[in-house]
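Nothing in this text is a laboratory measurement; each read-out follows from the coordinates by a stated rule. What you are looking at is a predicted structure, and each value in this text was computed from that prediction instead of being measured. Glycine also receives a Cβ, built like all others from the backbone with ideal geometry; neighbour counts cover every protein chain displayed.
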Amino acid sequence: MDFYKHIVQKLAGEVNAKEVSPQQIGEDVARRCAAVHEKCNAFIKFDPELIEKGIKDISQKIAQNKKLPLAGVSFGLSDAICVGGTTTTCASRMLESYRPPFEASVVLKLKEWGAFPAGKTNMDEFNLGATGKNSFFGEIKNPWDTEYTAGSGAAAAVSSRAVNFALAPDGCGELRYSASYCGIPALKPTYGRVSRKGLVDVAPSLDQIGIMAPSVLDLAAILEAISGYDPEDPTSFAHEVPSYTLLLQEKENIGPFKVAVPENWAEAPYLEEGIKKAFLETLEYLKKENFQVQMVSLPNFSHSLVTAAIIRAVEAFSSLGNYDGVRFGLRVEGSHLQEMYRKSRTEGFGSNLKQFLTFGALISAGNYYGMVFQKAQKMRTLIIKELESCLQSFDLLFIPAVPFQAPLLSSNDKACLLPDPAGYYTAAANLAGLPAITIPVPAESVSGSAGVQFIGKAFDEAKLLQAGLLLEKENPPRFPNV
Amino acid sequence: MEISREEFMQASWDARLELMPEELEGLEKQTKNIFEQATFLQSSALDDVEATYFPLAQKNTVREDLAAPSLPLETALSNAPGAESPYIQVPKIVE
Amino acid sequence: MHEYETVIGLEVHVELLTDTKLFCGCSTAFGAEPNTQVCPICLGLPGGTLPLLNKKAAEFTIKAALALNCEIAPKIAFDRKNYFYADLPKGFQISQYFYPMGRNGYIEFLVNGKTKRVGIHQLHLEEDTGKLSHIGDDIISSPSSRVDFNRAGVPLMEIVSEPDIRSAEEARLFLQKLRSIIRYLDISDCKMEEGSMRCDANISIRPVGSTEFGKKTELKNMNSFRSVYRGIEYEAERQRSVVLSGESVIPETRHWDEAKGVTRAMRSKLVSADYRCFPDPNIPPYPVTEEWIQEIKKTIPELPDERYKRLTEEHDLPSSTAEVLTSSKELADFYDAVLSVHNEPKTVSNWIVSEYLGLLNAAGMDITESKITPAGLGKLLQSIAKGEISGKIGKTVFEEMFNTGEDPALIIEKKGLKQISDTDTLSRIISAVLAANPQSIEDYRKGKKRAMGFLVGQIMKETKGQANPQLVNKLLMEELNK
């Protein structure tokens, strides 16, 4: 059986019709997860019990003849998102034994719809960057070639089809560019479209839970499941959730869209020829599909990466203030309270994180608050305005997803946080809270693809999915063997 | 923007972190790097721009003053490394 | 030689009387077992900290801001005040730094018969911290401490005065007036002993006539009105002797030691001075509309100043009486309620101020604990006015009412205290008394008017004080002058 190759709707249909049993799925998922974990270190730890528990719940519901829209669908959950019965570590030593006594709203919804979590996926500590090298639980390898990074365990697991999809946070683009490293689509919804309840705070004004899946149809089905207002998230929106899957079936309505491309898009540091070529070819393809493509001037777009890094550092410095060895997490004893704090945090946090938090403390102190932090929030205003006005005249903004292919794990070239060069094209959507989709298109790279990206108006995920589907049609998804 | 070693040291203390010498150097290098790229920090064009702290215009939701269940004591203390039921112990406050 | 004046600004914290905490549904009830009124939000557990604003706490704060004549902020916005301390679960306190709920208000009170106005710099809403208890004698010698987070997140309103206060006595009067207003609003019980009202004082001295401020110290740990008074007295005197000895005051935080009656410097390194306040990215602003303000205004009762005006101008009460009556809402409400039964402001106020308060003081009770009802006192005063009992008997009945809570009519009936106003009965008693005291009759007739008093006394004794005194006088005169 190769039902793991199905799109989620088809799989759920078969489970509901009892053509496939949850046990069969469970065994298959466990086998594939174990394999990808062994190959890529995709999970914090591989935990077959979590799968067994999920399968038991679903089996009961199916036995009661319940029809569940995501019956038997497995997902990977970034270890920054809380689920009951296991640890949530954010890939940090600090949280090695932390067991949240609650569950993320997205997880509750997905379980209700019949999906089950198959594992907590590995990541850079607290999702700061996606080098695949900053996890307390080891390097994360690319399933296409283990010399290279996968960026995140979620991307490795989804691209290997160990799970049907994965949820992971996107603070400056980690979701989107790690998906691109592994050759799969990803969607960061509008800020507030999906509840953050249960997502560990790092930079609350930038962070959003997003989706990685093998196909655009899967992205649509999952977005439909997890979107909507949550009274437990004060930043979630009450906007109506359309049926994204239905919208995608009305193929004649797709496009052609008016698409803007920033004229200086090719100025990104480290931009590789392969990526450039793939992007230009896709641009030609869009024109062929009667998309109206136009170069536009977005002078502040190039500041978005640095702006986001500054804001993120300050918000993270503050949001990680609760890691003090008192109510949870690692405690290293000291002779007095403040020393205990410092020892616990110094031993609990990794080197990059410590530098990042110190930077956040620095640029929010004294005069730097106005000179750096507040200045960045002002630049944010300009970037938002610029994008808003652009998207008033255009349906979508089109740019690459990431300037380069998955870096070699042995190289430190691009493994920097201040700023993280991989986020060059992605950070703007976080600053402005806009939705963005990344789609793999053929390219010469380790995954055989490069990510391209559409950014849309707030709450206009439908158009992103439609444009994504169009690109996907031409380039059906490919997957590495595990 | 020139930042002194002392300022970095103070910031790391404020974040209750201790950086190894090579980490401090790394941070100094990165900070220099990001400030070089952040050309807009010097720009006076931003002076009259309003700062944005929330990505989208949003209105907070409010809650009625109705009680919700609290955690059972064991659960509340279950993650605490210094739990001494029903309290959480901390080392002495004054140095 | 200069004369010095003391300059004082107060920072007062009061816990609001909501049922639940500021950002979660945990109970605010006092005295529960430690750490049983906590949840992921108020414990700051990773992934579970999204704050959900309690509307009532916001309304209470706006109500107080209006009652203190403040300008109201156009939105409810919260900021993070970042620092590390054992009673602070998140590494930051959610407070209102940039948009305090109220600004530029004032309080007026009488000092030596003159109205004194003290400015309110600002009034804002924030979360309370947890509670530390120290093993051993005090914080300084304690080898370790224990934390109870039940109080963490309880809504706390901070009122910051302008440095308009000039003496310990004024500080006490300011606090009393503030407490009275807040109790009138019924938004806090303001018990300093229980910590639901706390007061810190910023104290400096300067030569009389100077417009510049001297170096100030911040005085903490004053747990009663009396200790506020004593602490400020002491600290101002200490600063005077420092300055007079040619040294200068060190700006620092000092602790009031109630037992020793002195202030002591606290190590200032305990708490970082740079709080790096910035808007909490998890709490979008909530608009304060004019309609909402008007709605809240309607819930504000007649406040002490207005009541005082009504009592002195309309009821023609002396200012000292009006001040006593309006000092607490319960007392003033009691007064008004008695008037609705017996509309004689002078009599009613005299009874309350001299009799009722006397009994309450002697019993060490608060009016809210008393068994006396306004209707009961009203009925009693009616009986006196109608001549059913004398004023003197009235006091006895009142004491009985105070002790048992019984109806005055019942007490009069049961104890047979009804006044004897029957001419025949009294004439008979008078005749008997006169027959028994021939000497007194003689004395009276010889011009010794005091003999009259003796005879009245004897008659009252015979009637157990129940004889109508006016009638006794009249009948006795008639008898003697025969």
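What does the charge count around A:Pro234 come to, taking other residues whose C-beta lies under 13 Å from its C-beta (Lys +1, Arg +1, Asp -1, Glu -1)?
Surrounding charge for A:Pro234 is 0.
Go ahead and run the numbers for FRET between C:Ser241 and C:Asp274, Cβ-Cβ distance against an R0 of 45 Å, rounding to 0.05.
Computed FRET efficiency for C:Ser241 and C:Asp274: 0.85.
Only Lys, Arg, Asp and Glu count, each charged at its Cβ (+1, +1, -1, -1), so figure out the dipole size of chain B about its Cα centre, rounded to 20 debye.
Charge dipole of chain B: 360 debye, to the nearest 20.
Please state, to two decimals, what the Cα-based radius of gyration of the protein assembly as shown comes to when divided by 2.2 N^0.38 Å (N = residues).
1.21
Could you tell me which of C:Ala337, C:Thr404, C:Ile203 has its Cα farthest along the dipole of chain C towards the positive end, charges placed at Cβ (Lys, Arg +1; Asp, Glu -1), taken about the Cα centre?
C:Thr404
Which net charge results when you count Lys and Arg as +1 and Asp and Glu as -1 among the other residues whose beta-carbon is under 10 Å from that of C:Met401?
In short, -2.
Could you list, in their original order, any pairs among A:Lys53/A:Lys141; C:Lys415/C:Lys464; A:Lys188/A:Lys288 whose Cα atoms are separated by more than 18 Å?
Checking Cα-Cα distances, A:Lys53/A:Lys141; A:Lys188/A:Lys288 exceed 18 Å.
Take the alpha-carbon positions of chain C, form their convex hull, and give its projected area averaged over all directions (one quarter of the hull surface) in nm².
Average of the hull's projected areas for chain C equals 32.7 nm².
Could you rank the peptides A:200-210, C:433-443, A:442-452 by their average count of other C-beta atoms within 10 Å per residue, with the highest value first?
A:200-210, A:442-452, C:433-443
When you count, for each residue, the other Cβ atoms within 10 Å and take the mean per peptide, how do A:240-250, A:113-123 rank with the highest first?
Per-residue mean Cβ counts within 10 Å order the peptides as A:113-123, A:240-250.
Considering only the other residues whose Cβ falls under 12 Å of the Cβ of C:Ile120, what net charge follows from Lys and Arg at +1 and Asp and Glu at -1?
Summing Lys and Arg as +1 and Asp and Glu as -1 gives -3.
Would you work out the charge dipole size for segment B:1-44 about its Cα centre, treating the Cβ of every Lys and Arg as +1 and the Cβ of every Asp and Glu as -1, and quote it to the nearest 20 debye?
Charge dipole of segment B:1-44: 160 debye, to the nearest 20.
So how compact is chain A: Cα radius of gyration and Dmax in angstrom?
Reported Rg and Dmax, both Å: 21.1, 70.
Nearest 0.05, what FRET efficiency do B:Met20 and C:Ile135 give at R0 = 25 Å with Cβ-Cβ as r?
0.10
Separation between the B:Asp48 and C:Glu233 pseudo-spin-labels, each 7 Å from Cα along Cα→Cβ, expressed in nm?
Inter-label distance under the simple model: 5.8 nm.
Per residue of C:140-148, how many C-beta atoms from partner chains lie within 10 Å of its own C-beta, taken as a mean?
If you average over the peptide's residues, the count of other-chain Cβ atoms is 5.
Mark the label point 7 Å from the Cα of C:Thr289 along Cα→Cβ and return the residues of segment B:47-67 whose backbone N is within less than 17 Å of it.
From segment B:47-67, the list is B:58-63.
At q = 0.12, 0.19 Å⁻¹, what log₁₀ I(q)/I(0) does segment C:384-482 have when each alpha carbon counts as one equal point scatterer in the Debye sum?
For the requested q values the scattering log ratios are -0.44, -0.87.
Averaged over its residues, how many other protein chain Cβ atoms are within 10 Å of peptide A:359-372's Cβ atoms?
Mean inter-chain Cβ contacts per residue within 10 Å come to 6.
Want the number for C:Glu478 to C:Arg445: 0.36 nm per residue separation, take away the alpha-carbon distance, what's left?
Additional length available on full extension: 10.6 nm.
Can you bin chain B into rounded, prolate or oblate? Criterion: square roots of the alpha carbon gyration tensor eigenvalues sorted a ≥ b ≥ c, rounded for a/c under 1.5, prolate for a/b above b/c, oblate for the rest.
Oblate, since a/c reaches 1.5 and b/c is not below a/b.
Specify whether the C-alpha gyration tensor of segment B:1-44 places it in the rounded, prolate or oblate class, a ≥ b ≥ c being the square roots of the eigenvalues: rounded for a/c under 1.5, otherwise prolate if a/b is larger than b/c and oblate if not.
Because a/c hits 1.5 or more and a/b exceeds b/c, segment B:1-44 counts as prolate.
In whole Å, how far is the Cα centre of segment C:1-64 from that of segment A:371-411?
39 Å
Expressed as a fraction of 2.2 N^0.38 Å, the rule-of-thumb size for a compact globular protein of N residues, what is the C-alpha radius of gyration of segment A:336-425?
After normalising by residue count via 2.2 N^0.38 Å, the value is 1.52.
Which of rounded, prolate or oblate describes segment C:82-224 when judged by the alpha-carbon gyration tensor and an a/c cut-off of 1.5?
Prolate, since a/c reaches 1.5 and a/b exceeds b/c.
Quick check on chain A: of the DSSP beta bridges with both residues there, what percent are antiparallel, nearest 5%?
About 65 percent, rounded to the nearest 5.
For A:Ala118, list long-range residues whose amide hydrogen, built 1.01 Å from N in the peptide plane, is under 5 Å from its own amide hydrogen.
A:Phe75, A:Gly76, A:Leu77
Suppose each label sits 7 Å from its Cα in the direction of the beta carbon; what would the C:Thr404-A:Lys385 distance come out to in nanometres?
So the two model labels end up 8.1 nm from each other.
Pairing the Cα long axis of helix C:469-480 with the longest principal axis of chain C, what angle in degrees results, from 0 to 90 and rounded to the nearest 10?
20 degrees
Please give the average number of partner chain Cβ atoms lying within 10 Å of the Cβ of each residue in A:345-355, rounded to a whole number.
If you average over the peptide's residues, the count of other-chain Cβ atoms is 4.
Taking only Cα atoms, what is the 0 to 90° angle, nearest 10, from helix C:168-185's long axis to the longest principal axis of chain C?
80 degrees
If r is the Cβ-Cβ distance from C:Glu11 to A:Gln392 and R0 is 45 Å, what FRET efficiency results, to the nearest 0.05?
0.40
Hey, what number do you get for chain C at 222 nm if only DSSP H runs of n ≥ 4 count, each worth -39500 (n - 2.57), divided across all residues, to the nearest 500?
Helix contribution divided over all residues of chain C: -11500 deg cm²/dmol.
Hey, for a label at B:Ala68 modelled as a point 7 Å past Cα toward Cβ, could you say which residues of segment C:29-53 have their backbone N under 14 Å away?
Residues passing the 14 Å test: C:38-45, C:47-53.
Taking chain C as the reference, fit the longest principal axis to its C-alpha atoms, fit the long axis of helix C:423-436 to the helix C-alpha atoms, and give the angle between the two in degrees, 0 to 90, nearest 10.
For helix C:423-436, the angle is close to 70 degrees.
Show me C:418-431, C:66-79 ranked by packing, highest mean number of other Cβ atoms within 10 Å first.
Taking the mean over residues of other Cβ atoms within 10 Å, the ranking is C:66-79, C:418-431.
Any idea how far the Cα center of segment C:221-295 sits from the one of segment A:1-67, in Å?
60 Å
From the phi angles alone, apply the Karplus equation (6.51, -1.76, 1.60; θ = phi - 60°) to segment C:107-121 and give each ³J(HN,Hα) in whole Hz, x where the residue is Gly or Pro.
10, 10, 8, 8, 10, 6, x, 10, 6, 10, 10, 10, x, 9, 5
If you average 1/r over all unlike Cα pairs in segment C:423-480 and invert the result, what Kirkwood radius do you get in angstrom?
11.2 Å
Just how far, in whole angstrom, is segment C:376-434 from segment A:440-457 if you go by their alpha carbon centroids?
Each part reduced to its Cα centre gives a spacing of 100 Å.
What does segment C:138-204 give for Rg and for Dmax, in Å, if only its C-alpha atoms count?
15.3, 43
Relative to the present Cα-Cα distance, how much length would full extension add between C:Glu193 and C:Asn112 at 0.36 nm per residue of separation?
Length difference between fully extended and current span is 26.4 nm.
Any idea what the alpha-carbon Rg over 2.2 N^0.38 Å comes to for segment A:76-155?
1.13
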